[in-house]
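Working notes for the structure below.
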Amino acid sequence: MEKVVTTIKASIGGLFTVLTSIVGLLVLAQVVFGEGAGMDVIGNLQNIVNGFVGEGASLAGLITLLLIVGLLQKQSEKK
């Protein structure tokens, strides 16, 4: 049973790493290419934060920025 739990934890950790890498790459693509990137990743992240904080909250932009910086920093530490 312990092996199963360890395998599931490793799989979830690997999936999380892949997904955060993709989000970081998409944010970077939006920063570099702007609207030409084809999607608004930063705006979508901000909308998610607005869902928790409330529409029109002044901290939403700051929290979104902190999330993006945290994701990018986590990726750079792994290398």
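The values are calculated or read from the model by the stated rules, or taken from the named source; none is laboratory data. Note that this is a predicted model, so its numbers are computed, not measured. Cβ atoms come from the backbone with ideal geometry, glycine included; neighbour counts cover every protein chain shown. Accessible surface is based on the protein model in full, side chains and every heavy atom, while ligands, DNA and RNA are left aside. Shrake-Rupley method; radii C 1.70, N 1.55, O 1.52, S 1.80 Å.
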**Fill in**
When region 20-41 is checked residue by residue, the ones that are surrounded by fewer than 16 Cβ atoms within 10 Å (Cβ to Cβ) and among the polar types (S, T, N, Q) are SER21
**Message:** Could you tell me how many of the residues in region 17-53 are farther than 20 Å from ILE63 by Cβ and part of a helix (DSSP H, G or I)?
**Reply:** 12
**Asked** If you take the residues in region 42-63 that are more than 14 Å from the chain's Cα centre (by Cα), open to solvent by 60 Å² or more (accessible area, probe 1.4 Å) and of a type in the set (A, V, I, L, M, F, W, C), which one is modelled with the highest pLDDT?
**Response** LEU62
